[in-house]
Amino acid sequence: MPYRPLTLALALALAVSSFSLAFEAAASGARPGRPSSVAVPQQAISPAPGLPPPQRLARLAPAADPEVLDLALDAVRCAQAEGVGRTAKRLAVIDYSRSSLQPRLWVFDLASRKLLYKELVAHGQGSGGNVPTHFSNADGSHASSLGLFVTGSTYTGHNGYSLRMDGLEHGINDAAMARAIVMHGAAYVNEASGRQMGRLGRSWGCPALRKAVAKPIIDVMKNGQFVFSYYPDQAWLAHSALLHCAASHVASRDTGRHPASS
């Protein structure tokens with residue numbers, strides 16, 4: 001059964017907190033998606049230990065946007081504070097703000113502090129052309145979804161060896177299981193043919209990989225690892241419960257990294 005880590009009461013509380021954070025950010029001119037510092041409840045649950053500092057991920061993947069990596073770690077901390085993925089050792093970050101013809105998927109081994117893969121990844125037909133601009137949680141949209149996912153089991157289906165993904169953000173990606181949004185390999189993830197078309201081929205919303213790397217990536221990402229999909233969608237950045245929970249602010253305070261700074 002898919003994870004549903006946030007209780008109704010907590011979800012409502014986080015929604016109120018997120019609205020307040022978005023209002024404060026707008027009033028202060030802070031960058032969207034990086035809330036102003038707020039008081040952290042003393043009873044906040046600590047996330048699982050062992051996550052690398054954001055600067056370490058940026059050093060491992062200098063081509064990636066460091067702020068996107070920061071957001072990914074914020075979301076992971078919050079999920080782990082809620083008891084989800086506390087034993088996760090790997091994190092995949094997808095930056096959909098980049099061209100599909102550029103590597104925009106990074107797979108990190110959080111335990112050994114290594115970058116395992118930097119790869120092309122396709123987005124959904126319903127999300128747009130070379131650079132996607134539309135994201136959806138709706139069945140039949142054929143669009144990619146944003147936010148944090150935890151991985152499940154593998155299976156072999158229509159697209160070959162595939163990895164189930166469970167969306168952790170209510171209304172943003174929590175229909176992923178029902179929509180069969182999975183990680184799989186595809187022949188249309190081909191740089192040479194993509195350059196002729198001006199974009200990679202597209203999926204029905206799945207993060208599709210080159211066939212040559214699909215199996216090894218799926219094997220390191222299966223069974224309780226994290227996938228974070230990013231695009232500068234202002235509504236999601238302002239209201240995502242996993243980007244604005246207490247655990248993220250605790251981590252920012254403890255590492256000296258202000259959430260509103262770069």
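Where a number appears in this text, it was derived from the coordinates with a stated rule and is not lab data. No experiment lies behind these values; they were computed from the predicted model shown. So basically every Cβ, Gly included, is an ideal-geometry build from the backbone, and we count neighbours across all protein chains shown.
Descriptive notes on the structure:
- Charge dipole (Cα centre; +1 on Lys/Arg Cβ, -1 on Asp/Glu Cβ; no other charges) of the stretch 100-239 amounts to roughly 500 debye.
- Alpha-carbon centroids, the stretch 108-164 and the stretch 183-250: separation in whole Å: 3 Å
- For the stretch 118-256, with +1 on Lys and Arg beta carbons and -1 on Asp and Glu, the positive-most of 201, 151, 221 along the dipole: 201
- Length-normalised contact order of the stretch 130-254 in % [C-alpha pairs under 8 Å, at least 6 apart]: 27 percent
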